[in-house]
Amino acid sequence: MDNLIQGAILAVEDLNIRYGNIQAVRGVSFSVHPGEIFGLLGPNGAGKTSTLSAIEGLLKPESGKIRVSGYDIREKPLHARANIGVQLQSTSFQPELHVGEIIRLYAGIYNVSMSNEQIGEVLASINLADSSTKKFGQLSGGQQQRVSLAIALIHTPRLVLLDEPTSGLDPQSRRKLWERMEKLREKGRGIILTTHSMEEAESVCDRIAIIDQGKIIVTGIPQEIIDNNRNNAEVIRASRKGKITLEDVFIGLTGDAVRA
Ligand code: ATP
């Protein structure tokens, strides 16, 4: 077992995912450790969501191994999933239900008993203390995303999956979410984050992997990836002033063509 897999909350080894003729993920391997925010970056159609779906156990890969907290997702799916929290899309929730009811409902699904006081504490933690009796559908998009994150954390999972959690958020809400992620990191959780914002990846991720056409092309600490790929970024920078950013390197490595 190599050092990076030992002690990992998530270990993905040689993952392959196919939809009919489309090979969406090709031999992807990476690991996420306690207290780490790991960013999975890639252009549209690169295979990020497919990878997350396989980790969640929603999609059966063609081959490869996924272990969550040491549990193989295929051999011990219930144990593995008990250690995963997923931020669902807001469309997954009943808009007519009150926010407090939704939290109680999901607590029940995860077999966590919560008093009214504890539900109040959860709502206070996401700055929605007065919204318990509001209908979910009456919340703004950003408020709905906060509820969704709180639900993902109800069963105190060791691994948290966030699929583009800040898309559509205003700068204030985005910063707040970054703070929440950093608090989770301090508590020793592992976070896997997909984002199209290179600024976000540079700001919050401890390590990132850049995936393109189903393959990881580079993994590492954002600044090290920038430093090691300055040459790739030079071409892109021709039209831009300022220091070399992760976005320059990302486009340098994955090309500037917009994906079909
Ligand atoms: P985005 O940034 O656009 O969300 P992504 O990196 O999450 O992209 P995936 O959604 O994993 O990419 O898609 C990877 C590839 O698999 C794409 O070519 C996509 O068209 C294909 N694909 C995804 N889901 C399915 C499906 N259910 N059936 C067939 N092909 C699919």
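Output the number of the condition that E75 fails; it satisfies all remaining conditions of (1) within 14 Å of the ligand (Cβ to nearest atom); (2) free of Cβ contacts under 8 Å to residues at least 40 places away in the same chain; (3) acidic (D, E).
Status for E75: all satisfied but (1).
So the check is Cβ under 8 Å with 6+ separation or different chains; which pairs have a first residue in region 46-61 that's within 20 Å of Q213 (Cβ to Cβ) and a second one that's within 12 Å of the ligand (Cβ to nearest atom) and of a type in the set (D, E)?
A46/D212; K48/D163; T49/D163; L52/D163
Given the criteria on the phi < 0 side of the Ramachandran plot and either within 16 Å of the ligand (Cβ to nearest atom) or among the hydroxyl-bearing types (S, T, Y) (or both), does L88 qualify?
Taking the combined requirement at face value, the residue satisfies it.
So that you can scan it fast, the table gives a plain yes or no per residue for (1) out of contact with any Phe, Trp or Tyr (no Cβ under 8 Å at 6 or more places or on another chain); (2) among the polar types (S, T, N, Q):
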| position | (1), (2) |
| --- | --- |
| D72 | yes, no |
| A80 | no, no |
| F93 | no, no |
| E96 | no, no |
| Y106 | yes, no |
| N116 | yes, yes |
| G120 | yes, no |
| A124 | yes, no |
| F136 | no, no |
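What tally of residues in region 166-222 results from selecting those that are in contact with a helix residue (DSSP H, G or I) (Cβ under 9 Å, 6 or more places away or on another chain), within 16 Å of the ligand (Cβ to nearest atom) and of a type in the set (A, V, I, L, M)?
Residues flagged as in contact with a helix residue (DSSP H, G or I) (Cβ under 9 Å, 6 or more places away or on another chain), within 16 Å of the ligand (Cβ to nearest atom) and of a type in the set (A, V, I, L, M) within region 166-222 amount to 9.
If you go through region 2-28 one residue at a time, how many are on the phi < 0 side of the Ramachandran plot and either of a type in the set (K, R) or open to solvent by 60 Å² or more (accessible area, probe 1.4 Å) (or both)?
9
How many of the residues making up region 113-123 are more than 23 Å from the chain's Cα centre (by Cα) and of a type in the set (A, V, I, L, M)?
Count: 2.
Enumerate the strands (runs of 3 or more DSSP E) found wholly within region 152-258, keeping only those where 2 or more residues are in contact (Cβ under 8 Å) with a residue 60 or more places away in the chain and either open to solvent by less than 20 Å² (accessible area, probe 1.4 Å) or touching a Cys at 6+ places or on another chain (Cβ under 6 Å) (or both).
The strands (runs of 3 or more DSSP E) meeting that bar are 159-163, 190-194, 207-212.
Check off (1) open to solvent by 10 Å² or more (accessible area, probe 1.4 Å); (2) within 16 Å of the ligand (Cβ to nearest atom) for Q94 and give me the number that stays unchecked.
(2)
The values are calculated or read from the model by the stated rules, or taken from the named source; none is laboratory data. Every value quoted in this text rests on a predicted model; they were computed, and no experiment measured them. Using ideal geometry, Cβ is built from the backbone for each residue, glycine included, and neighbour counts are taken over all protein chains shown. We work out accessible area using only protein heavy atoms, side chains counted, and drop any ligands, DNA or RNA first. Shrake-Rupley method; radii C 1.70, N 1.55, O 1.52, S 1.80 Å.
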